[in-house]
Amino acid sequence: MTTYADSSFLVAVYLINIHSAKAAEMVQRMGQPLSFTVLNRLELRNAIHLSVFRKEIDVAKCMAAFKQIEEDIQEGRLIWVSIVWADVYREAERLADAHSATLGTRSLDILHVAAARTLGATEFLTFDRRQAELAKSKGFTVRP
């Protein structure tokens, strides 16, 4: 089973928040690496920087999170996956046309689901309700 984790899930792995215990439990139980795209990296890094801006963490915790991400890539807990972004955007446009008016999904939500579909993932990890609804509508097993 191929698993795709969105940024809400990844943030819970690398920063302490209300979902962190559940995310850690799931990562431990899975026992397999998570796919990691440039979209995941951008959103994860930006979310960590925003946590500094919001004064939820300090710069030292930000740098520690970035270091942990790099270690997880080096150790194979996160696996870089290549993806044809033109295919992702075409799929995202189809998803937007079919679902945004009814689910209220945002562009980045749609891009994550489109990326997961393009990669052939079957499981989608998210704490985002709308994104979960979209992923379920496309046949993903959504956790948690």
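The values are calculated or read from the model by the stated rules, or taken from the named source; none is laboratory data. Being a predicted model, the structure only gives us computed values, none of them experimental. Cβ atoms come from the backbone with ideal geometry, glycine included; neighbour counts cover every protein chain shown.
Hey, among the residues in the stretch 116-141 that are under 14 Å from the mean Cα position of the chain (by Cα) and farther than 23 Å from His19 by Cα, which one's surrounded by the most Cβ atoms within 10 Å (Cβ to Cβ)? Step by step, filter the stretch 116-141, then rank; the result is Arg117.
Table: residues versus (1) more than 16 Å from Phe9 (Cα to Cα); (2) assigned to a helix (DSSP H, G or I); (3) polar (S, T, N, Q).
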site	(1), (2), (3)
Asp72	no, yes, no
Ser82	yes, no, yes
Asp87	yes, yes, no
Asp97	yes, yes, no
Val113	no, yes, no
Gly139	yes, no, no
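Within the stretch 36-47, the only residue that satisfies the criterion of being touching a Ser or Thr at 6+ places or on another chain (Cβ under 7 Å) and over 10 Å from Asp6 (Cα atoms) is Ala47.
Within 21 Å of Arg129 (Cβ to Cβ), in contact (Cβ under 8 Å) with a residue 12 or more places away in the chain and among the hydroxyl-bearing types (Ser, Thr, Tyr): does that describe Ser8? Spelling it out, Ser8 is indeed within 21 Å of Arg129 (Cβ to Cβ), in contact (Cβ under 8 Å) with a residue 12 or more places away in the chain and among the hydroxyl-bearing types (Ser, Thr, Tyr).
If only residues of the stretch 1-59 that are of a type in the set (A, V, I, L, M, F, W, C) and part of a loop (DSSP other than H, G, I, E, B) are counted, the one that is farthest from Thr118 (Cα to Cα) is Ile57.
To keep it simple, each residue is scored yes or no on (1) at pLDDT 95 or above; (2) in contact with a helix residue (DSSP H, G or I) (Cβ under 9 Å, 6 or more places away or on another chain); (3) not aliphatic (A, V, I, L, M).
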{"position": "Thr3", "(1), (2), (3)": "no, yes, yes"}
{"position": "Ala12", "(1), (2), (3)": "yes, yes, no"}
{"position": "Ser20", "(1), (2), (3)": "yes, yes, yes"}
{"position": "Phe36", "(1), (2), (3)": "yes, yes, yes"}
{"position": "Arg45", "(1), (2), (3)": "yes, yes, yes"}
{"position": "His49", "(1), (2), (3)": "yes, yes, yes"}
{"position": "Ile57", "(1), (2), (3)": "yes, yes, no"}
{"position": "Met63", "(1), (2), (3)": "yes, no, no"}
